[in-house]
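First comes the structure, then the notes that go with it.
Read the figures in this text as sums done on the coordinates, not as results from a lab. Everything quoted here is computed from the prediction, not taken from an experiment. Note that each Cβ is placed from the backbone with ideal geometry, even for glycine, and that neighbours are counted across all protein chains shown.
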Amino acid sequence: MWQNRDSERLRDRDERGFTLLEILVVIAILGLLIGLVAPAALRQLAGAKVSVAKQSVERIGTILDMYKLDTGTYPSSEQGMRALVEKPADSSGWSGPYVKGAVPVDPWNHPYIYRSPSSRPDHDYDLCSTGPTGTASGADQICNP
């Protein structure tokens with residue numbers, strides 16, 4: 001007899017579920033965790049895109065060096081990086097395409113700025129990303145070393 005009552009109480013307690021207060025506490029804890037973790041994750045994402053941009057500028061620089069080995073010069077500013085995809089009319093020795101598909105863009109989907117000859121001392125060309133805003137200039141740009 002006592003065993004039946006005890007098993008009924010246990011069954012009733014198991015079927016009750018969660019109270020509104022318990023659910024609100026869990027939601028509050030999740031909100032705090034998201035509020036603390038999300039900003040840090042977004043900062044990491046922004047830093048990762050800058051790192052990808054630097055690596056892409058170096059990789060494209062290597063491709064431009066291969067272009068120079070084949071043709072004897074870097075593409076002119078007028079030819080731009082389009083010369084890595086399509087053969088310029090006045091180019092001899094071109095062995096491309098050096099890049100598959102379209103002209104590369106930076107991690108923020110902005111076109112790279114390419115100038116040849118360079119406006120910086122001791123550089124053959126300038127290859128720069130304008131960063132997340134697409135309007136960075138000077139020291140704020142991510143350029144070839």
Here the alpha-carbon Rg of the chain over 2.2 N^0.38 Å rounds to 2.02
Per the helix-only calculation at 222 nm, which mean residue ellipticity applies to the chain, given -39500 (n - 2.57) for every DSSP H run of n ≥ 4 and division by its residues, nearest 500 deg cm²/dmol?
-> -16500 deg cm²/dmol
Which of 82, 43, 115 fluctuates most in a GNM of the chain (C-alpha springs under 10 Å)? That residue is 43
Applied in sequence order to the range 118-128, the curve 6.51 cos²θ - 1.76 cosθ + 1.60 (Karplus, θ = phi - 60°) yields integer Hz couplings, x standing for Gly and Pro, of 6, 8, 9, x, 6, 10, 7, 8, 10, 10, 9
Karplus ³J(HN,Hα) for the range 98-112 (6.51 cos²θ - 1.76 cosθ + 1.60, θ = phi - 60°; Hz, whole; x = Gly/Pro) runs 8, 10, 7, x, 9, 4, x, 10, 6, x, 9, 6, 9, x, 6
What ranking do 123-130, 60-67, 83-90 get when scored by the average of other Cβ atoms within 10 Å per residue, highest first?
-> 123-130, 60-67, 83-90
Given 0.36 nm per residue, what is the gain on full extension from residue 42 to residue 29 after removing their alpha carbon distance, in nm?
-> 2.7 nm
Pick from 26, 105, 37: which residue has the top mean-square fluctuation in a GNM of the chain where Cα pairs under 10 Å get a spring?
-> 26
Under a straight-distance cross-link criterion of Cα-Cα below 23 Å, which lysines are reachable from residue 49, leaving out those fewer than 8 residues away in the same chain?
-> 100
